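Since the structure comes first, as structure tokens, the remarks are kept for the end.
We did not get these values from a lab; they are worked out from the coordinates using the rules stated. Please read all numbers here as calculations on a predicted model, not as lab measurements. Using ideal geometry, Cβ is built from the backbone for each residue, glycine included, and neighbour counts are taken over all protein chains shown.
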Amino acid sequence: MTDSIDRQIVRIDEDRCTGCGACVAPCAEGAIVLVDGKARVVREELCDGAGFCLGVCPTGALTIEVRKAVAFDHEAVEAQAAAAPRTYVPQACFRCGTDEDHAPLLPVRTEGTSTWVCTRCLPSLIHG
């Protein structure tokens, strides 16, 4: 797969990236990994451009850009998932501490901070 097309893809500003790894877990396709202490999109065909990783970056290092890139490849994502066990920086709900293995977590910004909230705590966060 070598043909490039115009499409949305994640861009990581290396100068702003602190290497915290918060963006790794929301990337279900496995396109983002930590390399030498920085987040990187390692294979463009794995990035679907959905941007679930953007909201959790505490420094705003991630953006979505439209540019020439190889097409998203569903089969490559499936092969990536089958070839290697999922490794990620574990996240937890900032309100109750439940981790992502026990409840779905969603990215949220609160009081100027990017963090995670579980689906059980979300209603009280919204409604008080």
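Taking 0.36 nm per residue of sequence separation and subtracting the Cα-Cα distance, how much length would be gained by fully extending the chain between ASP6 and LEU106, in nm to one decimal?
33.1 nm
Helix 74-83 and the long axis of the chain differ in direction by around 70°, with both axes built from C-alpha atoms. With a simple spin-label model that places each label point 7 Å from the Cα along the Cα-to-Cβ direction, the separation between LYS38 and HIS127 comes to 4.6 nm.
Based on the Kirkwood radius over alpha-carbon pairs, what value in µm²/s does the Stokes-Einstein equation return for the translational diffusion coefficient of the range 1-78 at 37 °C and 0.692 mPa s? Don't jump to the answer; show the numbers that get you there.
Working: Rh = 12.5 Å.
Value of D from the Cα-based Kirkwood radius: 263 µm²/s.
Comparing ALA92, ALA84, ALA76 in a Gaussian network model of the chain where C-alpha atoms under 10 Å apart are linked, the largest mean-square fluctuation is found at ALA84. Centre-to-centre, using Cα atoms only, the range 1-64 and the range 105-119 are separated by 18 Å.
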